[in-house]
Every structure is written in C-alpha cells, then in structure tokens.
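Each reported figure results from applying straightforward, stated rules to the coordinates on display, with no laboratory input. As the structure is a computational prediction, the values presented were derived from the model and not from experiment. All Cβ positions, even for glycine, are placed from backbone atoms using ideal geometry, and neighbour counts span all protein chains on display.
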There are 2 protein chains.
Amino acid sequence: MTQAKLTRIAVDVMGGDFAPAETVTGAVLAARKGGVQLALVGDPARVNDELAKHDAKGLPIMVVPSEGIVQEGEPPALALRQKPKASIIVATGVVKQGMADAVVSMGSTGAAMAAAAVIMGVIEGIERPCLGGPVVGFSPKMIIVDVGTSVDCRPHQLASFAVTGDVFARRFWGIERPRVAMLSVGAEAGKGNKAVKEATELIKKTGVHFIGNVEGNDLPYGKADVVVCDGFVGNVVMKLTEGLGTTISDLLKERLSGKLDAAGLDEIVEEVYNRTNTVESYGGGPILGVNGVSIVGHGRAKADAIARAIGTAKHCVDTNLIPELNQRLSAVSKVTMAAPTPEKVEKK
Amino acid sequence: MTQAKLTRIAVDVMGGDFAPAETVTGAVLAARKGGVQLALVGDPARVNDELAKHDAKGLPIMVVPSEGIVQEGEPPALALRQKPKASIIVATGVVKQGMADAVVSMGSTGAAMAAAAVIMGVIEGIERPCLGGPVVGFSPKMIIVDVGTSVDCRPHQLASFAVTGDVFARRFWGIERPRVAMLSVGAEAGKGNKAVKEATELIKKTGVHFIGNVEGNDLPYGKADVVVCDGFVGNVVMKLTEGLGTTISDLLKERLSGKLDAAGLDEIVEEVYNRTNTVESYGGGPILGVNGVSIVGHGRAKADAIARAIGTAKHCVDTNLIPELNQRLSAVSKVTMAAPTPEKVEKK
C-alpha cells in the first residue's frame, strides 16, 4: 500500500489561552483530516491526559516532552537562554533538527519569533522577520505586512514587506500577479509620510506589480492583494478591525435579540465576528523571513482555529513558500538597500 | 423685547459634494433651531434659488457673495493666492473681519485648513494646526488627535495633541478630568515606536491626566477620552472605521433582508453606519490650533449633518474653546519643545 508523504508538523500544545485542552483537540482534528504527522510538544502527562479524551488511536500523533512555557510578555531573548526546554523552544528545535517540516504555536508571539529567528535563523539580507496575514477578513486573500514586528520601519524594510507579500500571495493563494499597494492617507501618488514616499520609489525597483496607494477605507474591499505598512500601523489596523467587529457583533446581539430567530441571530453575529477577528478564527500566519515554517496564532484560538493553523503550516510547506521567499528577499535586498535614499543623498 | 445674543456663523455653502442644495437646507435647519445668525457665503443667484425653496422668511440668514470654489485635491496654498474670492476664503475672511464668530465648510479640508492658518493665523508655539474628533462613533465622546494633518510627527507635536484633546474634552464635552492615552501596539508602558516612547515622556510633563497606552481594539470601548496618535495612524483609523462600518452595513442589508421587517432592517443598518461613519453623520470638527473657530466637515454630509456642524461651531464659540486651547498650547510648547529628546542628548 502506498501512502502520500505526510507533512510533519511540531505543535506547541502548551501555548495559548486554552492550552493544552484546545490545542490537543485541534491537533486531533487536523490529524483526522489527514495529510499531516504531528509531534505534540508539551508536558507529557498533561498532553496524554488530553489525548486520552479523544479517539486518537491510529492517528499519526506522537508526543515530544518539554518543560515549562514562555509566558506572554516575558522577554523572549531572556527566556530563550533561561528556559531551553520550554515548549516553543523545543518545538522550533524539532524543525531545526529536521524531524519536522514546520512548527505551530498559539503562545507568545514574541517567543515564537525569537525562537524562529535564533534557532532557524533569519534569512540573509533583511533586518528582522515580519508577520502578515489577511487580518481584515472581508478581504480574505489580502495580506497586510507587517502587523506588529517592526514598529519603526526604514524604507527598505517596507520594500521587503512588498516582496514578502508578493511571494506569499503567489505561492500560498496562487494569485498569478498580485496587486501590491502601499497603505497611506490618500489615494494619489505622493500622499503619505516620509517613509511611505521613499519606500514607494524602492518598491518600484523590486519587480512586484505595484498599483499605488490604498487608504484605510479600501481595506475591506480587497482593492489590493498585498498591502504594505509599517508594523505600528498594521498592528493598529489588525486590532481596530478586531475591536470594531466585536463591538458590532455585540450590538447586533443586543438590538436584534427577539427580532430574529436564535439561529439567524447566531449566524449573522458569527459572520461579522469571524470576518473581523480573523486571526482568532483563521488560526494564524507564518513568520516571514526565517529559514523555516513557523506559524503563530491567536492566544484565544479554539480547536477549529488550531486545526486550521496546522493546515496553514502544511500549505506553507507544500507550496514551497519559504525557499522562494528567502531567495527573493535576499536578491531584492541588494537592490533596495543599495539604493540611495534622500537622506543618504543629502549627506553627500 | 430682549433677545439672547446669537452666535454668528459664516457657512461656505458652495463646499461639499451636495452643495449648495444640502448646505443651504442644512443652514435653514440650523437657523430654525435657533441661537445662530448665519452668513451664507456663495454664488448669490444659486444660494437665493436654494433659499427660495424653503420657508426662510424671518430667519436670521444673510447671503455674502463669493466667486468660485477651491476643489478637493487642488493645492491649497496656490488656490489661496489665485482664488481670493473663493467661498472658503471669503467665509474665513468674514470671521477674521469680526463679522462672524466661526466658519463652517464641507469643502476641501486642505483648503479650509490653509485658509484658517493663513487668514486667522496659527497660534504661537505649535508647528501646524491639527484635526481631531470622535471618529470612532462607538466612543462618541472620545477625541482622536490627529486624524490626518501631520503625518510625520515629532514627539513634541504628539504632546501638543494631548493638550489639544484635553482642552477639547473639558470645554466641548464638559469632561472634568479627561483621561488622555497614547495609541500604541501594546498596553504596557514602553510598547511603541520611537516617537511614541519619546512623546510619552513629554506628555507626562504637560499636566494632563495621562493613563498610558491604548490599542486599536480599545478604541470602540472608550477606554480614554483623548487618544493621541500621529496623523498617518489617525487617518488610517478614521478611514478604516468608515470602511468597515460601510461593509458591515451592506452585509447586514444583504443577509437580513427578508428576515427583518424593513423598518427594523433600516434601523440597525443605519445605526452601524452612523456609529462608524461619524464625520459624515456628525457633521464635522474644529481645526485646532488656529486663532478662530473653523469647522471642517465631510464632503458627503447631508443637510442634517450640516446643521449639526453649525451646532458644533456654535458650541465651540459658546464654550470658549479656542482661547483656552491657544493659551494652553502656547504655555505647554515652552515645556515640551525645550525638553531634551533622547536624540538631542545623544548629540551632546
């Protein structure tokens, strides 16, 4: 009997607000769906207790022991030195050692990024990895990069986000010629702050299909496939979308209760919530710019979202996202970092 | 017979997408409500035609002639020189000449700001005027400053926004001790980009009640009365809120049509729209940091919103917002602009 090659994924089942119950349940769901072989990294006793609650016999799931976790807000660099057996560090190490193809965690984003950067390594030519994803769920195939990693971006970093998003959109979603746009304060060329204006010139040299600026109100309408912004702005966009979606879901519950039947009310409330709280409902996205696949998800993710995050990891591996990304970023950085910025010119 | 003193307001009735029909109608509504005496600035023939459609006899409305308008997107500084008789320029001049207490326009924001800055004058101690308002309608008494004027803010400008918002919240809304917060990427102190971190230290010296950082998801929950951010971020927040609200309103219309009665559907769609498209529904907000009251509104504003914008102008005048604002900004700028920023210290 032949079997399709399974994608091997290490899951940090101790990370996340509902770990390990929801993370293990999510892993079981993903394993049942097929195509993956999972290494659940965590406290063996607790993980096995959770596994025992499911009919997991025969599923390609193994348990890899770890000790402790890196807490949300804990300085990641310090944790990396002091807690070498913490779940996210062990899970990332499993990938580095070639025993898995990808890692998935719902724990501290900072810890996952530090572990990926240090253990897998940052690719040549960029300053630091970034995070992106379809954070405005009304545009489910529009990636916004960066959403919180680099809050003080120089123009060449913004240009690297453009390339990152372009590769992601092509590989992950199969969009042939992604439309890349800059998030700014006006649609016209030349509108924006200093970094945006300088980055626009650099992006034009990267070979991506640059379509100009988009504004905040364009984001739910999918006017671009890739939206470039610094991590400060991207983080505000992601969280404001979540907050507004939650507020409006709550408003609908209150106003429409008794006017719609319960199922109909649940359906619309859930749709608004899921289309705005995308990371929580969708599962998570890859750290972009490291030598490997590491998916970070929302702390509040439940089993379904965790299973989807594992699916995202598999898709990243299967579509060879990271090798092309790293090659493009490395090549493009030679162009954008060499380009004279107005600042450099002034100093001459 | 005694009469309460009327607040005198110049209305640029040629500005806005639906001028002069909606602007004149809005002015008539405001005049009927009382408390104001209006100077409608525009093409006399067209304004009188519009006035003739209403029963405006006996209302304290006069017409002040102007010629032409400054278009949206037209370079304001140039227009100021080339079109001295344009409606926004004449209307602002009416205030400068002491013939009105405030000006209201739904036309080009850039033109209104340039006219206010040049004709009324920018107050001492700040770099340029700013714009703020309750742009997230779920927090109807939370002012976000700046929403698009200054897209490359130095820390002392952010500090001046804090003071501006503080005075606005106290005077305009009567909030005794407004909670002032910085918009950032994490709730903990120390989270943010360079400008945010430096500005936080300056804000602490201004005497406002600073409560720390808020994040994007906090904005619909009114966790602060004043939210400080640079104009790039504020503009994205304002427009994303509008875009998401419009998208969700449209989604509700589609999904709930036939499930709710028409009146109930209209009600919920309208509530979501109005709480997110706040500038359009609320009317507009004052330019902060000029020697006079100038209210700029949304181009799409209809008569009701225009009447509210006129009400806003009256309220700004009646609560003496501008004199205190200017005095506070002038005093505080001496503190914040003198404070050594880390950059200055490094250079020593």
Note to self: Can you compute 3J(HN,Hα) from phi for each residue in segment A:114-120, using the Karplus curve 6.51 cos²θ - 1.76 cosθ + 1.60 with θ = phi - 60°, rounded to whole Hz and x for Gly and Pro?
What the structure shows: 5, 4, 5, 5, 7, 7, 7
Checklist line | Where labels lie 7 Å past Cα in the beta-carbon direction, separation of A:E74 and B:E176 in nm | finding: 4.4 nm
Next item on the list: Starting from the Cα of B:K204, draw a straight line to each of the aspartates and glutamates and keep only those under 15 Å, dropping any in the same chain fewer than 8 residues away.
Entry: B:D166
Check: Non-local amide H neighbours of B:L40 (under 5 Å, H modeled in plane, Pro and chain starts lacking H): which ones?
Finding: B:V11, B:M62, B:V63, B:V64
Notebook entry, point to check: Using alpha carbon centroids, what distance separates segment B:252-296 and segment A:67-84, in Å?
Noted result: 46 Å
Check: Among A:69-78, A:37-46, how do they line up from the highest to the lowest mean number of other beta-carbon atoms within 10 Å?
Finding: A:37-46, A:69-78
Check: When the scattering of segment A:96-204 is computed by the Debye formula from its Cα atoms alone, each counted once and equally, what is log10 I(q)/I(0) at q = 0.21 Å⁻¹?
Finding: -1.33
Check: How would you rank A:13-21, B:214-222, highest first, on the average number of other Cβ atoms within 10 Å across their residues?
Finding: A:13-21, B:214-222
Note to self: Could you compute how fast chain A diffuses translationally, taking Rh as the Kirkwood radius over C-alpha pairs and applying Stokes-Einstein at 20 °C with viscosity 1.002 mPa s? Give it in µm² per second.
What the structure shows: 103 µm²/s
Margin query: Quick check: convex hull over the Cα atoms of the protein assembly as shown, volume per residue in Å³, rounded to an integer?
Written below: 187 Å³
Item checked: For A:A102, distant residues with modelled amide H under 5 Å away -> A:A10
Item checked: Exceeding the 20 Å Cα-Cα cut-off - candidates A:K53/A:K302; B:K85/B:K302; A:K141/A:K223; B:K57/B:K302; A:K83/A:K239; B:K96/B:K302 -> B:K85/B:K302; B:K57/B:K302; A:K83/A:K239; B:K96/B:K302
Checklist line | Cβ charges +1 (Lys, Arg) and -1 (Asp, Glu), total dipole of segment A:191-348, debye | finding: 800 debye
Margin query: Using the Karplus curve 6.51 cos²θ - 1.76 cosθ + 1.60 with θ = phi - 60°, what ³J(HN,Hα) values do you get for each residue of segment B:291-297, in whole Hz, with x for Gly and Pro?
Written below: 7, x, 9, 10, 9, 10, x
Notebook entry, point to check: Using modelled amide H (1.01 Å from N, peptide plane; none on Pro or chain starts), what sits under 5 Å from the amide H of A:G212, excluding residues fewer than 5 places away?
Noted result: A:M182
Next item on the list: Between A:S330 and A:E67, take the C-beta separation as r, use R0 = 51 Å, and let me know the FRET efficiency to the nearest 0.05.
Entry: 0.90
Next item on the list: Could you calculate, for segment B:1-120, the ratio of the Cα radius of gyration to the Kirkwood radius, expressed as Rg to Rh?
Entry: 0.97
Note to self: I want the local charge near B:A305. Using Cβ-Cβ distances under 9 Å, sum +1 for each Lys or Arg and -1 for each Asp or Glu among the other residues.
What the structure shows: 0
